[in-house]
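Scroll down for the structure; my scribbles are underneath it.
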Amino acid sequence: MRPETVIGTIRYAVDQHAVTHILIDSLMKCGMAPNDYPAQKKFVNDIQAIAHQEHVHIHLVAHSRKGDNDEKPPRLHDVKGTSEICDMAENVLSVWKNKKKIELQSQGNTSKDDESDAILLVDSQRNGDGWTGAFPLWFDRESFQFLSAPNLHPLEFEGVF
């Protein structure tokens with residue numbers, strides 16, 4: 001989709017359907033070249049303006065640059081594209097999957113069971129107290145939920161499990 005189409009779709013969803021949360025997955029699919037930084041900046045500015053004007057939450061998925069390896073979580077400055085993506089965002093969250101643990105488990109090695117399966121990083125938070133930090137997460141394969149500690153019972157939703 002072209003950026004103008006995405007913006008128009010967001011406005012339609014908010015105006016006609018009272019949508020309060022919008023997920024754009026992902027910036028790469030919004031019709032801009034990876035190195036078209038002015039277009040990316042304008043797009044982020046446009047969606048931020050809608051979020052402020054309409055009091056809605058817009059979540060934009062932006063992928064990280066490829067690093068040397070996947071052994072450490074991507075951080076704020078690893079986001080692929082213009083730096084304004086993170087500079088203008090209200091919150092910047094990164095998700096990292098522990099691929100080394102998953103690979104070892106697929107080989108039958110359970111020595112890293114105490115390590116988390118993923119980490120959710122809060123790299124920037126403009127509102128509230130500005131807290132930044134990380135949440136380790138363990139994946140429960142039966143419920144397809146990430147949990148805040150190993151061996152916790154997943155949330156049960158009536159009629160779902």
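Here are some notes:
- The strands (runs of 3 or more DSSP E) found wholly in segment 85-161 and carrying at least 2 residues that are touching a Ser or Thr at 6+ places or on another chain (Cβ under 8 Å) and on the phi < 0 side of the Ramachandran plot occupy 91-97, 118-125, 133-140.
- Among the residues here, V44 qualifies as part of a helix (DSSP H, G or I) and closer than 20 Å to N91 by Cα.
- Among the residues of segment 109-131, those that are touching a helix residue (DSSP H, G or I) at 6+ places or on another chain (Cβ under 9 Å), polar (S, T, N, Q) and surrounded by 13 or more Cβ atoms within 10 Å (Cβ to Cβ) comprise S116, S124.
- For segment 1-41, residues that are of a type in the set (D, E, K, R), farther than 16 Å from A89 by Cα and part of a loop (DSSP other than H, G, I, E, B) total 2.
- When S116, S94, S143, S106 are screened for being closer than 30 Å to Q40 by Cα, among the hydroxyl-bearing types (S, T, Y) and free of Cβ contacts under 8 Å to residues at least 40 places away in the same chain, only S94 passes.
- Condition check for G31: within 30 Å of W138 (Cβ to Cβ) and without any contact (Cβ under 8 Å) to a residue 40 or more places away in the chain: no
Only the coordinates and a few stated rules stand behind these numbers; no lab work does. Given the structure is predicted, the values throughout are model-derived calculations rather than measurements. Note: ideal-geometry Cβ built from the backbone for every residue, glycine included; neighbour counts use all protein chains shown.
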